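For reference, the structure discussed in these notes is given below.
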Amino acid sequence: METQNYNQDKLEFRQIVLKHIQTILEISSKELRDKTYVTQHSNYSSTTEQEDTRYSYIQAIENLAYILIPYFDDKVQQIFDECIEIINSYDFQIENKYKEEIDLIQNDIKKEVNLKPYCIDKRILYAKKLFVALNLLLNRNDYLKSAVYGEDKDELVSDDEDGEESGE
């Protein structure tokens, strides 16, 4: 009995990946924003902190990438390296990297750029780029098929030199 329950509860790698993609899509189906709010009362104000979905979205994509790292090809690895650098950068590092762009924006709007939203927007941009690359990787590997990444139950491993197939 216990063996049957274990097998029913066991998730395939494909299910984990698809569930993670579903989570990313759920997060992104609403406005990505900080949901913290301040309530003003007559004598005081109270702050209610809630999830900042911008960070949740970035983290979800980053974690999907970490799950899929063993299956990266050269294309995705190059995009991952580029994107993860920005995603994991501090604000001052993004500011230094995009100093020319920030200066152009400041000249156009004739005032100082608020770096906090600028940096989170850069991270979101690179997270989206990474998400597209991961989806293209999954498509190249036919992730919608029932057998993904060697999980085909009918797959037999051959260790013998003469080509005989061995089961377990």
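The values are calculated or read from the model by the stated rules, or taken from the named source; none is laboratory data. Not measured: the values here are computed from a predicted model. In this analysis, Cβ positions are derived from the backbone assuming ideal geometry, glycine residues included, and neighbour counts consider all displayed protein chains.
Please find, within region 23-70, the residue that is surrounded by the most Cβ atoms within 10 Å (Cβ to Cβ) out of those that are modelled with pLDDT of 85 or more and of a type in the set (Phe, Trp, Tyr). This residue is TYR57. Which residue is farthest from ARG54 (Cα to Cα), if the candidates are limited to region 85-108 and must be touching a helix residue (DSSP H, G or I) at 6+ places or on another chain (Cβ under 7 Å) and of a type in the set (A, V, I, L, M)? Restricting to residues being touching a helix residue (DSSP H, G or I) at 6+ places or on another chain (Cβ under 7 Å) and of a type in the set (A, V, I, L, M), the top hit is ILE102. On inspection, GLN40 passes the criterion of being farther than 30 Å from ASN139 by Cα and without any contact (Cβ under 8 Å) to a residue 24 or more places away in the chain.
Filtered by the rule that a residue be free of Cβ contacts under 8 Å to residues at least 24 places away in the same chain, under 25 Å from ILE58 (Cβ atoms) and either in a helix (DSSP H, G or I) or small (Gly, Ala, Ser) (or both), region 90-103 gives PHE92, GLN93, ASN96, LYS97, LYS99, GLU100, GLU101, ILE102.
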